[in-house]
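Reviewing the structure listed below.
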Amino acid sequence: MGKLIYAANISLDGFLEDEAGAFDWSVPDQEVHAFWNEHERRIGTALYGRRMYETMRVWESDDWLTDQPAVVREFADIWRDTDKIVYSTTLTDVSTARTRIERTFDPEAVRRLKETSSADVSIGGAGIAAEAFRHGLVDECVLLLCPVLVGGGKPALPRGVRLDLTLLDHRRFGNGVVYVRHAVRNPA
C-alpha cells in the first residue's frame, strides 16, 4: 500500500507562489535538487491539478536540459518514469507520456489507488491537495521551507482544515532551506 504524500517548496510565511504568481524564490540549488530526486524516486504516481501539471511538463523536453547539471537532468528522467494523473475540466489532451486526465477528483478512486499501489503517490497543486486534505487522504507532508517571506499569494496548505501531525524527519540545507516531513495523525 502506498502513502499519499503532499510535497512542496514553500515560503516561510506559507505560500507556494507570491501575489504575482512567481515562485522563482524556490528554485532549488544542486543539494536541494538531489533531495527532490531521492524523494521522487519513491513515487509511482503523481496527482496534479492543471496548473501544477502545466508547470511540471517542462521536464518532458530535453531541449533546455543539455546545459543543465547532471542532478537536473536526472530529475527529468525520474519525472518521465512516473505515472501522472491530471485533474482538469479544461484540458483536452496532455503533452506528456504516462499521463491521463480525470475530470473530477474522486476521493474513493484515490483511496483505491493508494491501496493498490506498490509505491507512494504524490499530490501537487494547492487546489487538488486541499481536496485530498479535506477527504483525509494525505498521509504525509514533505515541505521545504525556503528562507523568504513573500507577504501573500497562493497558500501552500488548505484553510479550514485541522490535522494533527507528527514530525518524522527534518534537515537543514546549506542554502538555508529547511526540510520537514510530518505524518498526518488523524486522517478522516
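Structure data summary
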item	result
Separation of alpha-carbon centers, segment 1-58 and segment 164-182, rounded to whole Å	15
Rg(Cα)/(2.2 N^0.38 Å) for segment 130-188, N = residue count	1.24
Charge dipole (debye, nearest 20) of segment 66-187; +1 at Cβ of Lys and Arg, -1 at Cβ of Asp and Glu	360
Cα pair distances of segment 12-149 binned at 5 Å [whole percent]	2, 9, 18, 21, 22, 17, 9, 2, 0
Kirkwood Rh (inverse of mean 1/r, distinct Cα pairs), segment 1-69, angstrom	14.2
Per DSSP, loop GluC sites (Glu not before Pro) in segment 15-100 with at most 14 further Cβ within 10 Å	GLU19
CD proxy at 222 nm, helix term only [per DSSP H run n ≥ 4: -39500 (n - 2.57); per residue of the chain; nearest 500]	-7500 deg cm²/dmol
Order of exposure, largest accessible area first, which applies to ASP164, ASP63 with probe 1.4 Å	ASP63, ASP164
Selection from VAL94, THR45, ALA130 lying farthest towards where the dipole of the chain points positive, charges on Cβ	ALA130
Probe 1.4 Å, accessible area per residue of the chain, Å²	51
Apportionment of accessible area to carbon and sulfur, segment 1-135, percent (1.4 Å)	48
Sorted peptide list for 150-156, 170-176, criterion being average Cβ within 10 angstrom, highest first	150-156, 170-176
Separation in nanometres of the label points that stand 7 Å from Cα toward Cβ, at ARG112 and HIS135	1.2
Nonlocal amide H pairs with GLU17, under 5 Å, H built at 1.01 Å	LYS154
Gaussian network model of the chain, Cα within-10 Å springs - most flexible of LEU16, LEU157, LEU149	LEU149
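The values are calculated or read from the model by the stated rules, or taken from the named source; none is laboratory data. None of the values given here were measured: they were computed from a predicted structure. Cβ sites come from the backbone with ideal geometry, for glycine too, and all protein chains shown count toward neighbours. To get the accessible areas, we keep the full protein, side chains included, count just its heavy atoms, and leave off ligands, DNA and RNA. Shrake-Rupley method; radii C 1.70, N 1.55, O 1.52, S 1.80 Å.
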